[in-house]
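Enquirer: Pasting in a structure now, in structure tokens, and then I'll have a few things to ask.
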Amino acid sequence: MHGGQGPQLLLLLLAICLGAQSINQEERLLADLMRNYNPHLRPAEHDSDIVNVSLKLTLTNLISLNEREEALTTNVWIEMQWCDYRLRWDPQDYEGLWILRVPSTMVWRPDIVLENKSQTYSTSEINLQLSQEDGQAIEWIFIDPEAFTENGEWAIRHRPAKMLLDPVAPADEAGHQKVVFYLLIQRKPLFYVINIIAPCVLISSVAILIYFLPAKAGGQKCTVAINVLLAQTVFLFLVAKKVPETSQAVPLISKYLTFLTVVTILIVVNSVVVLNVSLRSPHTHSMTRGVRKVFLRLLPQLLRMHVRPLAPAAVQDARLQLQNGSSSGWPITTREEGGLYLPRSELLFRQRHRNGLMQAALEKLESGPQMRQTLELCGNLKQASPAIQACVEACNLMARARRQQSHFDSGNEEWFLVGRVLDRVCFLAMLSLFVCGTAGIFLMAHYNRVPDLPFPGDPRPYLPLPD
């Protein structure tokens, strides 16, 4: 057992010696390279030489997009490659050491700042270019599928990269050349559809349903419409807090909420107008023949509405005469008008007196014609004729009063029917406006997509070639 520990100890010491020797070779190489190295000098053997710097951007996470501040937050890695002639060595001199990793602060680095673009000093000192892979320039933002985390709100549609030269900036100044990395993203609409668009559509549908209330229920209609308007205003404020304060473009969701607000205001106006028409009467407004023809004949037929038949023209003319206080029947006298306002006991007494005279006259007629009886009959009829005339006149007066009340009710009903027809017309108009406007804005959102190619007129997809 003691004999077996000897070879193991020798192997361990040999491994430690080899490791120490390897570490010593890296230290020696690093010391040799950094002996006369100045990290502030550009790695160019001659002043006229240009350093080629290759850039590659790797996206690992699309964190968020602050629309109000118009700021995109991402997590990226920038890979820069260049050749520094001062960091050359012969691997044979360092026992086959090919790779040496050193801190970035110890070597020269190109002064490149990543903001909305990559830029450096000038084309006379540094030449920017895209990295090469398998003989092809990497004209896109590289995404590592193992390290990339997909964003739940935004989807990346295009990620091209371009090498651009600014013709305005001089060649010896910063900003003349730049490598631009583009990210064309599209919003995933499910969150806004469920939390904003669907509630707004349902609430606006409630505003359309108020037309199923009676035409005279204008107060209830206005109450429902104003409540819907307040709810839409709350949604509009929520959206306004997220969108940027700019006048260059208006988001579609803001356009849709504004459209719904306008529709709701029009519904309130319609309810007020319909209520005003429905509560009119013949005493306050006279209906013209054109209004009667359009709203009581033509529109009900077109809208398939069931309305009562109109009174003939003679009755319509009689209604105008009755409103003026005259008719084609018996004239209304002061006596019979006063008889209508007598107490009930006095009316009963007069009725009994008239009935007694009439009964006596009829009994004498049935007993047969005699001279004496004929004279008495004539006298009785002479006494009864004023009572009969007064009774007939009273009946005519009551009939005329009843007819006038009937015509007044008929006029109120006609205005109510006009309100119903107007309410139905407004319902169809608002329903058509709501459906067409909603469909139009949704179609605008459907066709407002990221184009198939990142740059119009450029057929290149700026993506790696398929295997």
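Enquirer: Accessible area of Ile197, 1.4 Å probe, to the nearest 10 Å²?
Expert: Probe radius 1.4 Å; accessible area of Ile197 about 40 Å².
Enquirer: Further question on the same structure: As a test of reading the structure, rank Cys200, Cys222 by solvent-accessible area (1.4 Å probe, protein chains only), most first.
Expert: Details: Cys200 0, Cys222 25 Å².
Largest accessible area first, the list is Cys222, Cys200.
Enquirer: Run the quick spin-label model on Trp82 and Met398: label points 7 Å from Cα toward the beta carbon, then report their separation in nm to one decimal.
Expert: About 11.7 nm, to one decimal.
Enquirer: Roll a 1.4 Å probe over the protein heavy atoms and report the accessible area of Leu275 in Å², nearest 10.
Expert: In the full protein context, Leu275 sits at about 40 Å².
Enquirer: Let me ask something else. How much accessible area does Phe148 have with a 1.4 Å probe, in Å² rounded to the nearest 10?
Expert: 60 Å²
Enquirer: So for Tyr182, Tyr192, Tyr256, what's the accessible-area order with a 1.4 Å probe, most first?
Expert: Greatest to least solvent exposure: Tyr182, Tyr192, Tyr256.
Enquirer: Pull out the extension gain between Trp89 and Leu238, defined as 0.36 nm times the separation in residues minus the alpha carbon to alpha carbon distance; nm, one decimal. List each step's numbers first, then the result.
Expert: On the way: separation 149, 0.36 × 149 = 53.64 nm, distance 6.39 nm.
Between Trp89 and Leu238, full extension yields 47.2 nm more.
Enquirer: For a 25 Å ceiling on Cα separation, which of these pairs sit above it: Lys178/Lys241; Lys162/Lys255; Lys188/Lys255?
Expert: Lys178/Lys241; Lys162/Lys255
Enquirer: Please arrange Asp144, Asp111 by accessible surface area, largest first, computed with a 1.4 Å probe and ligands excluded.
Expert: On the way: Asp144 50, Asp111 75 Å².
From most exposed to least exposed: Asp111, Asp144.
Enquirer: Residue by residue through the stretch 290-305, which ³J(HN,Hα) values in whole Hz follow from phi under the Karplus form 6.51 cos²θ - 1.76 cosθ + 1.60 (θ = phi - 60°), with glycine and proline marked x?
Expert: In residue order, the calculated couplings are x, 5, 5, 5, 6, 8, 10, 10, 6, 4, x, 5, 5, 8, 6, 9 Hz.
The values are calculated or read from the model by the stated rules, or taken from the named source; none is laboratory data. Given the structure is predicted, the values throughout are model-derived calculations rather than measurements. All Cβ positions, even for glycine, are placed from backbone atoms using ideal geometry, and neighbour counts span all protein chains on display. Just so you know, the surface numbers come from the protein's heavy atoms only, side chains and all, with ligands and any DNA or RNA stripped out. Shrake-Rupley method; radii C 1.70, N 1.55, O 1.52, S 1.80 Å.
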